Every structure is written in structure tokens, then in C-alpha cells.
1. Any chance you could count how many residues in region 336-391 are in contact (Cβ under 8 Å) with a residue 24 or more places away in the chain, acidic (Asp, Glu) and assigned to a strand (DSSP E or B)?
2. Of the residues that make up region 278-298, is at least one in a strand (DSSP E or B), closer than 29 Å to LEU333 by Cβ and open to solvent by 60 Å² or more (accessible area, probe 1.4 Å)?
3. If you check every pair at least six apart or on different chains, which have Cβ atoms under 6 Å apart with a residue in region 43-69 that is closer than 21 Å to TYR108 by Cα first and a residue that is at pLDDT 95 or above and surrounded by fewer than 18 Cβ atoms within 10 Å (Cβ to Cβ) second?
4. Among GLU101, GLU118, which is among the acidic types (Asp, Glu), within 26 Å of VAL145 (Cβ to Cβ) and within 25 Å of the chain's Cα centre (by Cα)?
5. Against the definition (over 25 Å from the mean Cα position of the chain (by Cα) and either of a type in the set (Phe, Trp, Tyr) or modelled with pLDDT of 95 or more (or both)), how does LEU396 come out, yes or no?
6. Considering only region 316-354, how many residues are farther than 15 Å from ARG364 by Cα and touching a Lys or Arg at 6+ places or on another chain (Cβ under 8 Å)?
7. Can you tell me which of GLY194, GLY140, GLY190 is at pLDDT below 95, not basic (Lys, Arg) and not assigned by the TED database to the domain that holds GLY43?
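The values are calculated or read from the model by the stated rules, or taken from the named source; none is laboratory data. Being a predicted model, the structure only gives us computed values, none of them experimental. Methodologically, a virtual Cβ is constructed for each residue, glycine included, from the backbone with ideal geometry; neighbour enumeration extends over all protein chains shown. To get the accessible areas, we keep the full protein, side chains included, count just its heavy atoms, and leave off ligands, DNA and RNA. Shrake-Rupley method; radii C 1.70, N 1.55, O 1.52, S 1.80 Å.
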Amino acid sequence: MNSRLRRFLSLSSVPLLLSCGAAAVSDTPAAALAVQTQELASGTPAGNGVVLFLNDWTTTYSVLDTQVPLNAQAAQSIITWRNGPDGIAHTGDDRRFVSIEQVDDLLYVGPAALSALETYARGTGRVELPVDGWVGTFHGVSFNVAEARRALAVVNTQSAAALQATYNVPAAAANAMVAARPFYDILKLGRLPGVDATALQNLKTATQQGAEGDPCTGAATCGPALECEGIPYDSSSPYGRCVTAVSTPGDGASCSRFVPCQDGLACHGLDSGATEGWCRPAWMSGEFTAYADLTLQGNTTPQTSTQPVVGLATVPEDITVELDLAHNNPSRLVLTLEDPGGETALLWDGPNEGTPPKRIPVTRGIPRDGSVNGLWKLHVVNPSGVGNGKLREWKLKLTSRWD
């Protein structure tokens, strides 16, 4: 699918460079830390980011102790485990982490250490996130990916005078920013001595207008010639997406697997099984991934995983679900997809249809005149109670149109 929105909503990250110098612990609110703990699971973006960081040989004891920073005992425990039984790096018995559970099991590593590791991994861009994904909170000022990118673009290019006059950054902070640049991550900026809550909040406020594909909360938060579309009515997310208000040549033209749409357009209808589709603006299609980490125990209790959808038109056209399911008796499972309006589709009936495939086009149940933006739900039930496993993640691929 030739979709720019796919790139906007893909798990894209900011540059992966470590911040320089010793770091103070950021004042992330307790509520944000609670969210971090919930998201820090194996297979999630945050979990993958932390594991990759800990397996990187440039992640030394000094980095863990002074830059993350961790308690010295927790930092040493991580390095000792990674170096293997001989205690020496770069030898045959070295070990690599494959899960957050391995990290959590180490001596002296607990919730505080895991939260600090996630904060560092997010702030340095080691966690792949969508543009509205939370990166970090510094001096009480929170940044998502798009906000961090816009702030860093300004700090890296504007003079100290311009930072003061145009972006309302206090003089001391502006001078500190210019002296310390370039900034490759928001963590370095957020922890820079001389940069306080006022400087960060003023910078964030003055760079609120988003580029095409950025999250938005209203028309005023998008740049010139852009509109804010796709804010859910069910309050499942405060965000829409900034999209171009200019019509795209070729909109409405026919297309197929062999005859693609022009740039800026995506071919709708093919994922539903049609041999010929129609071209629509690329922002009207998107992929949304739920890192469910949902345990499917050997009983008949229904389980549900949710995924908010934002930034599309108003009603769905193609609906496709992709599953990452690990289960020792998957043919027992019954899966149902529910749209934001409460309409449901029997996605897969294991007892009558067998083992669910990894990719399921939705061609039954959910009408094409309901809301596409909002909270989608995947329900999983095992009527027999036989077998157990886990729904690791599921992806919802959608195309949309105006109703």
C-alpha cells in the first residue's frame, strides 16, 4: 500500500545517540511511571528498547551508574550478568538479555531501576514510538515524539536571540541550549543545567503547530494548509492527525495490484478481496499495533485487548487484522472484533474453522457506515477452556472514506 500515513504511524524513532555528561533523575510524575510499568513488558516497544540498550556493548557500568542513572548495585548486577560466569566482557560465555523478565530477576533490579531504564531508553530514542507516543517528562513538562522533534529542530538551528524573542526561552536557558548543541535526543535537552520548566514549557508551546502527519488536538495545532482530522468522538484519544487540505490529483481513479495509485494516494478495496480498487488520499489509510501481551489461560474467561484509532476519515472501508498469537491449542479460540460504535464481527471461529491464520480480512459483521476513529476491541474466548497461551500483539490495518 502506497501510504504516507503508514510512515507517519509506523514505529519510527528519533536518532539513537546517548546523551553526554552525568544526568539527574527526571521528575517523571508517579502517574506516568505507572503507565511506564504497565508498558514495560517483553515484546513491547519499551521492552525491546530497554533490552537492546542493555545488550549494547557501549552500555557500560559508567553509563548505567551516572547517565541512566541506576543505583550502583543494580548497575553492577546488570553488567555482571551480561559478562557471564568468567566476569570478563567479550569472551565466549557472555550473555544477552532476551526479555524484561530476565532483567527484573537480577539482584538489586526492581521497579525503580526498570522505570529509570525505560525513561533513559525513551528519552534517547531507543524506544520506537508513533508520533504521539510519550517520550519523557522533564521538570513536569511532557513531550511526545512529534513535540520532541519540533523542539529539537528549533533548538538546533535558532540563535540565542531568536530563542528568546520568538520562542520565549529565558536568556540563561537559551544560552545554555546554544552552547550545548547539537541535541540528538530530548533527554539531553531535558536534563541540561540551566533549562527549567519555564524554558521547556515555553519552547513546547511555541512549537505546537504540527507538520503533515503529526498529532493534533485542533485546527490551531496544525501548520499552514493543514487540517486536523480524525479525533475520536469516544474520547479514546485526544489526538487526530494534521493532513493536507489540498486535493490530490488522481483521487477516485481506479487501481489494482498491477496498476498502483499516484504518489500521495493509496489503493482501497484490495485488502477486502477486490481485483480492482479506487485511489484515495494516503492519509485515509493506516496501521495500528496493539502490544497486547495478553495471557490466555486454560479457562473460558473472555479476554479483551484494545487499540485506539486516530487520524482517518469517518467510516471504514478495508478492515484487516494481523495476529501474533502463541497458543498450544489455537483451534479452540473464538475471536471477535468490535468497532468504536459497538458493532461486532466474528473474526474467527476456531471450533468450526480450525487454527486462525496470521492475517484475517474482515468481510462480515461490521458495517461500513460506522465510526472508524475510536477504540477498537479484540475479544478472545476459549469456550472449551482447553489449552493456554498468549496474544502477544495484533495489528489493525484500515482504509477509510468520508461518509
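1. Matching residues across region 336-391 total 1.
2. Of all residues in region 278-298, those in a strand (DSSP E or B) come to 278-281, 285-290, 294-296.
Filter once more, keeping what is closer than 29 Å to LEU333 by Cβ: 285-290, 294-296.
Now narrow it down to the ones that are open to solvent by 60 Å² or more (accessible area, probe 1.4 Å): 295.
Within region 278-298 (the criterion being in a strand (DSSP E or B), closer than 29 Å to LEU333 by Cβ and open to solvent by 60 Å² or more (accessible area, probe 1.4 Å)), the answer is yes, since at least one residue qualifies.
3. ASN55/ARG96; ASP65/ALA72
4. Sole residue among the options that is among the acidic types (Asp, Glu), within 26 Å of VAL145 (Cβ to Cβ) and within 25 Å of the chain's Cα centre (by Cα): GLU118.
5. No.
6. Count: 8.
7. Checking each option against the conditions leaves just GLY194.
Results for (1) closer than 17 Å to LYS395 by Cα; (2) modelled with pLDDT of 95 or more, shown as yes or no for each residue.
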residue: ASN299; (1), (2): no, no
residue: PRO308; (1), (2): yes, yes
residue: PRO316; (1), (2): yes, yes
residue: LEU333; (1), (2): no, yes
residue: GLU338; (1), (2): yes, yes
residue: VAL362; (1), (2): yes, yes
